[in-house]
Amino acid sequence: MSRSLLTVVVLASSTAWAGDPEADPEADDTVIVYEPDGTPRVAGSAHVVGEEELERFEYNDIARVLGATPGVYVRGEDGFGLRPNIGLRGANSDRSAKITLLEDGVPVSPAPYAASAAYYFPMATRLVGVEVFKGPAAIAHGPQTVGGAINLLTRRVPQKPDGMVDFGYGMRNTAKLHAWAGSGTERGGVLGEVSHLQTDGFKHLPDDGPTGFERTDVMFKGTVSSDPALVVKNALTVKLGFGQEHSHETYLGLHVDDYAEDPYARYGASGLDDMSWRRTQAEATWQLDLSPAVRIRTTAYHHWLSRQWFKFNGFRNGPSVHELLQEPEGGATSEFLDVLRGADTTRSEQALMIGTNDRRFHALGVQSRLQWRTKAGRIDSQLKAGVRVHGDIVDRTHTQGAHTQTDGVLTRDETKLETTLDSHATATALAVHVQEDLQIGAVHLLPGLRTETVRTGYVNLGSDNDVQLRTSVLPGFGALAEVFDDLQVFAGVYRGFSPVPPGQDADVSPETSISSEAGLRIGGLGSRLEVVGFLNDYANITGQCTISGGCVGEQLDTQYNGGKAWVYGAEGSAAHEWLLPRQLRLPVSLAYTWTETRFRTGFVSGFPQFGTVEVGDRLPYVPQHQGGARIALEHPRFGLAVGASARSGMRDTASQGPLATTDIPAQLLVDVSARVRPAEHFEVYSTVVNATNTHVVESWRPFGARPTSPFQLMAGVKVTP
């Protein structure tokens, strides 16, 4: 049975190897644990999108990949998922900064402590699995533990010659190339992989300028292992990566009236916007098996990212662009809206401020995890402990210059180039966690503890270095009882945490919450069903200003305390696969999430998505209802699949009562895929994304209405050895 969308259980790191000296040295890249029959084993809530599901729909956008995963909230922006905004259980989704992002168990955000906004995200087309886990298991995978974590799985080194070439082409000159090849034995091997995606884009500028992008990811893996017959075994794996992107993307959306007329238009004021970045990745993992019961896995890593985004920031002395694009026409600021639409600038205040955000990120560290299993009679103990020493370095240089507009042409004026930010931020962190899985008969007890000690430094425009040191203690506890062979009940509670980035005022506190959940899980006979209730009780919910969230000027990179809040609800998921005659299979999966949010304190915040908050206001960009369904008809020679995801409306800012016209309407998206395999090593496929051509407003952030990507048809071929 496919486990592509089953609710599963998470541990600090996989212990599926325990007692098996022939285990794959890369097995600990995953954090999901199953019983031999595929049933999740330990208390917690998590989901996995497996390789079969990823290949079934050939998604290039991680938002589509996660569209049918309970408890995951995605705010769209560019329509391609280049810089996704993902939240878990109410955590703010802006740039996925409030969740821990991992690749093969290693932090993958550009600077997880100093600047956790995910301006880099691995290409979905090269992933072989996505693990989403929430609840007490999250304490093993910080620093962001308030909502949970996502672990992105890459391809393992094959133990025999293998490979694949995948080429796809579709509307708007969209082209995809994905190829990998490798070979090895049980003693080691190598793997090389390249992914490339490019498109002309679905938006259009008045002068027909470019709005598309090109993106490439390259990965190399090499592994060598000692003789598997030895009692003490060693394995060394090296992983190298390179990525780059050139995209004509913008933060500027549309006025509500312009969106109604043409949702895929772009203002000429964004015609010069251009993003480029490059990233390198180097990791070395040493795995030491002292015995079948004791394993130590240590990874040293260094990630570097350099990005330059030349883009429209606003007016020299004008209104908030976000508010301008939401207000009715004909107001006092309508002249600025006319400039965005192409009118000539006639006054100094109307000058368009366009400049470069130049940022360089270094993230480096060493993490080590110990797994130790002992068993005596009916008592089985699996101890997991880990330590991580991590460092971030972030250099930001933001400049902008005034531009005039004449007959739709932007020209740099003679005023001096402004430097709005020139900062150097650092973060050094020591994280330690320990989790015990103590099984006594049919009952599992899972106490855990995480500590985070973070030292930050910040210098901006020659100011004195602002150094702060904070330590947080984060306990958790879970329990699971196997009531019957196919029925488990579980519960857990833990203290969630999100660190304070460098350069904040001393009165800014970390985001903290007490998160609890309880549920039941039924499995067997090719079916899985899970229902979980959850409550996140925030002692201090925070908001950090970014341009992607709608902030400008001196607000940028400032974090604000937000007081107390509740996020509570229920998640349900079910999956079943029917085996039909003539080698046919019919896998079906369903998912639903109900979420309620409440601010429990009133306050006035500089974070624009909070603003003036009253007790009872709902959180922004968290839908009350959302769900997904996927059904497929599979045969060794062909396949057909339909996927749908839906959500209710969302609020653009904290508020209560009926949704306003400036909030986010409900949405339903349908995707279709088909494949035919005329020969053993050859496959032809076709995909349709947004088959109903829905184009409701997906977000008002950063500035203005932004649509979902339109109907997109692609066809491709895959060739394997």
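The values are calculated or read from the model by the stated rules, or taken from the named source; none is laboratory data. No experiment lies behind these values; they were computed from the predicted model shown. Here Cβ is always computed from backbone atoms with ideal geometry, including for glycine, and neighbour counts include all displayed protein chains. Note: areas computed on protein heavy atoms with side chains; ligands, DNA, RNA excluded. Shrake-Rupley method; radii C 1.70, N 1.55, O 1.52, S 1.80 Å.
Quick one: which residue in GLY355, GLY377 is surrounded by fewer than 16 Cβ atoms within 10 Å (Cβ to Cβ) and either at pLDDT below 95 or of a type outside the set (Lys, Arg) (or both)?
Checking each option against the conditions leaves just GLY377.
When both residues are 6+ apart or on different chains and their Cβ atoms are under 7 Å apart, which pairs have a first residue that lies in region 532-560 and is closer than 28 Å to GLY572 by Cα, and a second that is part of a strand (DSSP E or B) and of a type in the set (A, V, I, L, M)?
Once the first residue is closer than 28 Å to GLY572 by Cα and sits in region 532-560, its partners that are part of a strand (DSSP E or B) and of a type in the set (A, V, I, L, M) give VAL532/ALA570; GLY533/ALA518; GLY533/ALA570; ASN536/VAL567; ASP537/ILE514; TYR538/ALA565; ILE541/ALA565.
Test each condition in (1) under 30 Å from the mean Cα position of the chain (by Cα); (2) modelled with pLDDT of 95 or more; (3) surrounded by fewer than 16 Cβ atoms within 10 Å (Cβ to Cβ) for ASN234 and report the one that comes out false.
Unmet for ASN234, out of (1) under 30 Å from the mean Cα position of the chain (by Cα); (2) modelled with pLDDT of 95 or more; (3) surrounded by fewer than 16 Cβ atoms within 10 Å (Cβ to Cβ): (1).
Which residues, taken from region 285-343, are small (Gly, Ala, Ser) and either at negative phi or in contact (Cβ under 8 Å) with a residue 40 or more places away in the chain (or both)?
Matches in region 285-343: SER291, ALA293, ALA300, SER306, GLY314, GLY318, SER320, GLY331, ALA332, SER334, GLY342, ALA343.
What number of residues within region 237-263 satisfy the criterion of being within 23 Å of GLU323 (Cβ to Cβ), open to solvent by 20 Å² or more (accessible area, probe 1.4 Å) and either assigned to a loop (DSSP other than H, G, I, E, B) or without any contact (Cβ under 8 Å) to a residue 12 or more places away in the chain (or both)?
The total comes to 3.
Could you please find all residues in region 611-624 being touching a Ser or Thr at 6+ places or on another chain (Cβ under 8 Å) and more than 19 Å from THR662 (Cα to Cα)?
VAL615
Considering region 90-108 alone, what residues qualify as being under 13 Å from the mean Cα position of the chain (by Cα) and more than 16 Å from LEU240 (Cα to Cα)? I'd like the intermediate steps shown before the answer.
Here is the first cut: in region 90-108, the residues under 13 Å from the mean Cα position of the chain (by Cα) are 91-103, 107-108.
Hits for region 90-108 are ALA91, ASN92, SER93, ASP94, ARG95, SER96, ALA97, LYS98, ILE99, THR100, LEU101.
Would you check which residues across region 662-717 are basic (Lys, Arg) and touching a helix residue (DSSP H, G or I) at 6+ places or on another chain (Cβ under 9 Å) and list them?
Selection gives ARG675, ARG701, ARG706.
Got a sec? Which of VAL294, VAL394, VAL366, VAL387 is of a type in the set (A, V, I, L, M, F, W, C), within 28 Å of HIS248 (Cβ to Cβ) and either surrounded by 16 or more Cβ atoms within 10 Å (Cβ to Cβ) or within 31 Å of the chain's Cα centre (by Cα) (or both)? Walk me through it before giving the result.
On the way: VAL294 fails: within 28 Å of HIS248 (Cβ to Cβ); VAL366 fails: within 28 Å of HIS248 (Cβ to Cβ); VAL387 fails: within 28 Å of HIS248 (Cβ to Cβ).
That would be VAL394, the only listed residue that is of a type in the set (A, V, I, L, M, F, W, C), within 28 Å of HIS248 (Cβ to Cβ) and either surrounded by 16 or more Cβ atoms within 10 Å (Cβ to Cβ) or within 31 Å of the chain's Cα centre (by Cα) (or both).
What do you reckon, is VAL194 open to solvent by 40 Å² or more (accessible area, probe 1.4 Å), out of contact with any His (no Cβ under 8 Å at 6 or more places or on another chain) and in a strand (DSSP E or B)?
no
How about region 325-352: which of its residues are open to solvent by 20 Å² or more (accessible area, probe 1.4 Å), more than 13 Å from THR404 (Cβ to Cβ) and of a type outside the set (Gly, Ala, Ser)?
GLN326, GLU327, PRO328, GLU329, THR333, GLU335, ASP338, ARG341
Just need a number here: residues in region 107-136 that are within 21 Å of ASP61 (Cα to Cα) and part of a strand (DSSP E or B).
Final tally of qualifying residues: 6.
Could you check region 627-643 and list, in sequence order, the residues that are open to solvent by 30 Å² or more (accessible area, probe 1.4 Å) and closer than 23 Å to ALA574 by Cα?
Of everything in region 627-643, those that are open to solvent by 30 Å² or more (accessible area, probe 1.4 Å) and closer than 23 Å to ALA574 by Cα turn out to be ALA629, ILE631, LEU633, HIS635, LEU640, VAL642.
Among the residues of region 656-673, which ones are surrounded by fewer than 16 Cβ atoms within 10 Å (Cβ to Cβ) and touching a residue at least 24 places away in the same chain (Cβ under 8 Å)?
GLN656, THR661, PRO665, ALA666, LEU668
Condition first: under 25 Å from ILE354 (Cα atoms) and either touching an Asp or Glu at 6+ places or on another chain (Cβ under 7 Å) or open to solvent by 30 Å² or more (accessible area, probe 1.4 Å) (or both). Now tell me which residues in region 535-571 satisfy that.
GLN544, CYS545, THR546, SER548, GLY549, VAL552, GLY553, GLU554, GLN555, LEU556, THR558
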